[in-house]
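Have a look at the structure below, then the notes.
The values are calculated or read from the model by the stated rules, or taken from the named source; none is laboratory data. Given the structure is predicted, the values throughout are model-derived calculations rather than measurements. Virtual Cβ from ideal backbone geometry, glycine too; neighbours counted across all protein chains shown. For accessibility, only protein heavy atoms count, side chains too; no ligands or nucleic acids. Shrake-Rupley method; radii C 1.70, N 1.55, O 1.52, S 1.80 Å.
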Amino acid sequence: MNIILLGAPGAGKGTQAEVICDRLQIPTISTGNIIREALKTGTEMGLKAKSYMEAGQLVPDDVVIGIIKERLAKDDCKGGFILDGFPRTIPQAEALDKMGVVIDKVIDIEVSDEAIIKRMSGRRVCEKCGASYHLDYKKPKEENVCDKCAGALVQRKDDHPDTVKARLDVYHKETEPLKDYYEKQGKLSVVEGQNEIEETTALILKAIEA
Ligand code: ADP
Ligand code: ZN
């Protein structure tokens, strides 16, 4: 099954992707994680993306479309995949369609802007593997240490409050129209993302398994 997770930054796409990934045994492809990785290793693509990302703006379509093309061509995607953070604009969705990638389900996780601003301040990510945590909702077993790889947990630069506001503006303007795009294709399921993580997970699994 080929799945897209839609939703505002901080709606919980990454967290939910991990659960679906375990359940269906298909890889999660997070453009955000791929870009952060490139930034860390200092590749040309990373350098191009850096200023956009840190300002909370979208990285240009041609860059992320290139990343996705390369990633989806790998063998592990043959049995299905979860896209977390792609597409984020109409041209990106059109690029997927043009590549002949068939999407089965699009899950939109709905969370209000107010809740997102609150959540983002507590979000932490693993420096090493990119796994995400939250100071209140998803604590690691040991404070500031990743459960999976023992890497250090840090706050992303783009999770600071002013940048979060910019990211929400971009989301409403560029990404939200994708709901309509996939609704028209008959693929959209909207789930409430504002309650307990497990509740959202249950709704998503129901939508996927329906
Ligand atoms: P979140 O979903 O929490 O906003 P991500 O890790 O998905 O965070 O993305 C972080 C940043 O990476 C975005 O603000 C943007 O700069 C860049 N990015 C990730 N995916 C895309 C995409 N599909 N198109 C453009 N920029 C992207
Ligand atoms: Zn880790």
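Cβ separations smaller than 6 Å between residues 6+ apart or across chains give the following pairs from the range 147-172 residues that are under 12 Å from G122 (Cα atoms) and open to solvent by 30 Å² or more (accessible area, probe 1.4 Å) to residues that are in a loop (DSSP other than H, G, I, E, B) and not hydroxyl-bearing (S, T, Y): V154/E127. Scanning the range 130-147 for residues that are modelled with pLDDT under 95 and among the hydrophobic types (A, V, I, L, M, F, W, C), we see that the one that is nearest to ligand 2 (Cβ to nearest atom) is A131.
Here the range 148-171 is the region considered, the condition is being of a type in the set (D, E) and under 19 Å from the mean Cα position of the chain (by Cα), and the residue that is farthest from ligand 2 (Cβ to nearest atom) is D169.
Of everything in the range 5-42 that is farther than 22 Å from M120 by Cβ and within 15 Å of ligand 1 (Cβ to nearest atom), the residue that is surrounded by the most Cβ atoms within 10 Å (Cβ to Cβ) is I29.
The set of residues in the range 185-200 being open to solvent by 20 Å² or more (accessible area, probe 1.4 Å) and modelled with pLDDT of 95 or more consists of Q185, G186, K187, L188, S189, V190, E192, E199. Restricting the search to the range 86-120, which residues are open to solvent by 40 Å² or more (accessible area, probe 1.4 Å) and assigned to a helix (DSSP H, G or I)? Residues satisfying the conditions are I90, P91, E94, D97, K98, D113, E114, I117, K118, R119.
Given the criteria assigned to a loop (DSSP other than H, G, I, E, B) and surrounded by 15 or more Cβ atoms within 10 Å (Cβ to Cβ), does G56 qualify? Yes: the conditions hold for G56. In summary, R123 fulfils each of the numbered conditions (1) surrounded by 19 or more Cβ atoms within 10 Å (Cβ to Cβ); (2) of a type outside the set (F, W, Y); (3) at pLDDT 95 or above with the single exception of condition (3). Go through (1) over 28 Å from G56 (Cβ atoms); (2) among the charged types (D, E, K, R); (3) under 16 Å from the mean Cα position of the chain (by Cα) one by one and return the number of the condition E174 breaks. All conditions pass for E174, except number (1). Against the definition (within 24 Å of I20 (Cβ to Cβ), modelled with pLDDT of 95 or more and assigned to a strand (DSSP E or B)), how does L153 come out, yes or no? Answer is yes for this residue. For the range 39-73, how many residues are at negative phi and without any contact (Cβ under 8 Å) to a residue 24 or more places away in the chain? Number of matching residues: 19.
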